[in-house]
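*Asks:* Just dropping this structure here.
Every read-out reported here was derived from the displayed coordinates using simple, explicitly stated rules and does not represent laboratory data. Because the structure is a prediction, the values reported are computed rather than measured. Here the Cβ positions follow ideal geometry from the backbone for every residue, glycine too, while neighbour counts run over all protein chains shown.
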Amino acid sequence: MTDNYMVRRAIPDLLDKKYYIPEYQRGYRWEQTQVLDLLQDLYAFFIGDTKGQFYCLQPIVVKKKQMNDELWYEVIDGQQRLTTIRIIMQIYDQLNSNMFTTVSHKYTIMYATRPDMVDIFESIKIVPPTASSPATIDEIPSKWSHMIDSIYIYHAAKTVLKWFMEDLSRVGVFSQYFYQTADSGTKSVQVVWYETNEEKEPHDIFNRMNSLKVELSCSELIRSLFLSKTTKFDLGSLDGFSDSLREEIQKERFTNKQTSINEKWDELEQQMKDKDFQSFLTKRSDTGRNSIGLLFDLISGKYASDKAAKCEFLQLRKDDELYTYLYFKKLIDKDNDAWNTWERVLSVFDKLQYWYHDRDLYHRIGFLNAIASPGTEDDVICSLLKSKIKRSVLKEQHMVTLIKDAMTLPKDKGTNMPIVSLEQLRYDVSTHYKYIKKLLLLYNVETTRLQKEGNFFSFDRFRYNYKMVNGKEERTDKTWTLEHIHAQNSDCLPEKKKDSWYEWIVCNKEALKKMSLGSPELTQEQKNIIEALERDEPICRSKTYGYDKIKALFDDVARFYDLLDAKADKAVAVHQLSNMTLLDLGQNAMVGKSPFEVKRQLICNEISSNKYYPICTQKVFLKMYDQEELQIHSWGQRDRILYYEDIKKKLAPYIVATAL
């Protein structure tokens, strides 16, 4: 046996070879960011004043393999880079060709699980630009359109084309260096080529490598358990058949099972990408690189407490990064038939999908997941998966009981005994603050559930903001705060943050200017307040401007809004539930310390711009609780009564009756 060896090889050294991607490898999964990072790194190297004469990609680990009397290289590690380089070559060569010369560099990649994709790279064709549209990539041929690997490959091709088309001089830069040989005397692109001649199976080498560096996710390793040549299936009785026929039938049945798993895997992976589905299933933000991993983590109970999902394999530890993979390895061994284990996976997925599409279960399960504490984010789903409760009981009784238990009233700050009424809840008591946030979330979820038609409550939009940054969607967490619907007391203003005072003055001034009032008396008072705000705006951050002045200005503004509503009652406690709502104000934090009208104008504008607010927050600021009162500028006593009564009505199934 010859020794393993390692050498650097330039791009031309990779050409005209045949590469085999075995079944234990994950499919091609590079996202736009990874493709762009590689292109930008190469370009920066090509145009930079660098002393190094080659750009070195990470290692490609291979082992020689004879297939149909041809030499192939089984790729043990590095197929993502190898595939991306092949995509870049396919796009670049087309851009670098002309009517007289066709440029073509290639190598063959065959996927064990997708053997008919061997010529997919040749199918990637550039559609020239027209007067009305830029150059693009032709559509995926229908025979591959349902395969997730081909979708990623075509998305990567579009990314490469767009990058070159943004600056066509890049094509010229690549033409100087991309295909240079290692001994060309100029810059080149090289890989670390590691060729192993170990007698061990490549699959074992692959597992050993990845158990050390944990580059593969557990879901990718689990895939190899189902799609390996050594996977054990119960292929049924073959008594009465000749040995040769028995072997042929066994091979056919084995292939059919793995083909079925492979096709269904793609379908599950696509459905598990649904952001709303993920946010319904768990509160965890990091659900793994591959979305299907969430499904396997829920089955194994990796992120659930032992109370909710104790592992049946006592020797496994949940803090092991490979726990879910090891769990499935043992589960397949226990079942003694990988097909039975796969059917368990499908059964769990079908159950999760049923819960997701059932209006009652979706909202009740989703709420419990949304309020889960750290370390218990998957407890609800995992415990429900292990329970034997009948569907009708689960839907009508069990979920209501679980929410009741979660909504036990907090303790009174003075007596340290549980409060007996929702009216005792106060914004300025920390334990009550957390409870009110939870209660108002339940109120919004329940209001949506009870509509019986229309959109479901979006736990994903409730939790995250999405925006495009450099062509890529980025996600950030939202911070929902408990805010006064109408801020009446100046004690909500910070005593020392003068920038916040300035923000508050500007917000209130702009809101007042937009109001149109019929009463001459109110119009004059409005004018006086605007003048006072404009007077203090340029000086409120000066050293001579103190808290007493901003406090007096706040009180003047509050008194003006009280004049708008003859029913306004200053005696109503401002910190009670009837004056609370959930807001995510972001950069407009001081709006939360402003009167109702300031918030109403801002939030109505943002709702019209499709910014997300929970349904009950929308109803508050669109003045939908009082259908008779025409006064839209203030949040009066009648508004509070109607709002509070609706909260009690909606939450009656979950809050002890004596507290309502």
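*Asks:* With a Förster radius of 30 Å, plug the Cβ-Cβ distance of Lys143 and Lys395 into 1/(1 + (r/R0)^6) and report the FRET value to the nearest 0.05.
*Replies:* Efficiency computed from Cβ-Cβ geometry: 0.10.
*Asks:* Select one label from [x] 36; [y] 22; [z] 44: the one whose number is percent of Cα pairs over 43 Å apart as derived from the coordinates shown.
*Replies:* Only one option fits the structure, namely [z].
*Asks:* OK, next. Students often check this: by mean Cβ neighbours within 10 Å, which of 436-445, 188-197, 117-126 ranks highest, and how do the rest follow?
*Replies:* Working: 436-445: 21.8, 188-197: 18.6, 117-126: 17.0.
Listed from highest to lowest mean packing, they are 436-445, 188-197, 117-126.
*Asks:* Could I ask something else about it? Could you pull out the pairs from Lys404/Lys649; Lys498/Lys551; Lys318/Lys395; Lys307/Lys386; Lys619/Lys648; Lys467/Lys599 whose alpha carbons sit more than 19 Å apart here?
*Replies:* Cα-Cα > 19 Å for Lys318/Lys395; Lys467/Lys599; rest within.
*Asks:* Next question. What pairs from Lys275/Lys611; Lys478/Lys549; Lys623/Lys650 go past 27 Å between their alpha carbons?
*Replies:* Exceeds cut-off: Lys478/Lys549.
*Asks:* What nm value, rounded to one decimal, do you get for the distance between Val656 and Thr130 when each label is placed 7 Å out toward the C-beta?
*Replies:* Each label point is offset 7 Å from its Cα along the Cβ direction, giving 7.0 nm.
*Asks:* While we're here: Using alpha-carbon pairs under 8 Å, 6+ residues apart, how would you state the relative contact order of the range 377-525 in percent?
*Replies:* 9
*Asks:* Further question: Cross-link partners among lysines for Lys187, C-alpha distance below 18 Å, same-chain residues fewer than 8 apart left out?
*Replies:* Counting by Cα, and skipping residues close in sequence, Lys187 has these lysines nearby: Lys51.
*Asks:* If we count every other residue with Cβ under 14 angstrom of Lys509's Cβ, Lys/Arg +1 and Asp/Glu -1, where does the sum land? Intermediate results must be reported in sequence, preceding the final value.
*Replies:* Working: positive: Lys513, Lys514, Lys527, Arg535; negative: Glu503, Glu510, Glu531, Glu534, Asp536, Glu537, Asp556, Glu597.
My count for the surroundings of Lys509 gives -4.
*Asks:* While we're on this one: What FRET efficiency comes out for Cys56 versus Thr108 if R0 is 25 angstrom and r is the Cβ-Cβ distance? Round to the nearest 0.05.
*Replies:* Using R0 = 25 Å, I get an efficiency of 0.55.
*Asks:* In addition: Please compute the length gained on full extension between Arg475 and Lys229, using 0.36 nm multiplied by the number of residues separating them and subtracting their Cα-Cα distance.
*Replies:* 84.6 nm
*Asks:* Within the range 545-559, what residues put their amide N at less than 13 Å from the label point 7 Å along the Cα-to-Cβ vector of Ser519?
*Replies:* Inside the label zone: 559.
*Asks:* In straight Cα distance, which lysines are under 19 Å from Lys63, not counting same-chain residues fewer than 8 positions off?
*Replies:* By straight Cα distance, Lys63 reaches Lys17, Lys18, Lys200, Lys229.
*Asks:* Also: Once fully extended, how much extra length lies between Gln250 and Gln66, figured as 0.36 nm per residue of separation less the alpha-carbon to alpha-carbon distance?
*Replies:* 63.9 nm is the gain from fully extending Gln250 to Gln66.
*Asks:* Which angle from 0 to 90°, rounded to the nearest 10, does the C-alpha axis of helix 359-370 make with the longest principal axis of the chain?
*Replies:* 90
*Asks:* So if R0 is 45 Å, what FRET efficiency would Leu268 and Asp41 give, r being the distance between their Cβ atoms, rounded to the nearest 0.05? Walk me through the numbers before you get to the answer.
*Replies:* Working: r = 34 Å, r/R0 = 0.75.
After rounding to 0.05, the efficiency reads 0.85.
*Asks:* Is it possible to state the helix-based mean residue ellipticity at 222 nm for the chain, with each DSSP H run of 4+ residues giving -39500 (n - 2.57), the sum divided by total residues, to the nearest 500 deg cm²/dmol? What is it?
*Replies:* After summing the helix terms and dividing by residue count, I get -15000 deg cm²/dmol.
*Asks:* In nm, what is the difference between 0.36 nm times the number of residues separating Ser608 and Thr181 and their Cα-Cα distance?
*Replies:* Roughly 147.9 nm would be gained on extension.
*Asks:* Would you work out the relative contact order for the chain, in percent, from Cα pairs under 8 angstrom that are 6 or more residues apart?
*Replies:* 12
*Asks:* Run the simple label-point estimate for Leu622 and Asp239 please: 7 Å along Cα→C-beta, distance reported in nm.
*Replies:* 7.0
*Asks:* What list of ³J(HN,Hα) couplings, whole Hz, do you get for the range 228-244 from phi and the Karplus terms 6.51, -1.76, 1.60, once you set θ to phi - 60° and write x for glycine and proline?
*Replies:* 7, 5, 9, 4, 9, 10, 7, 9, x, 6, 10, 4, x, 9, 5, 4, 5
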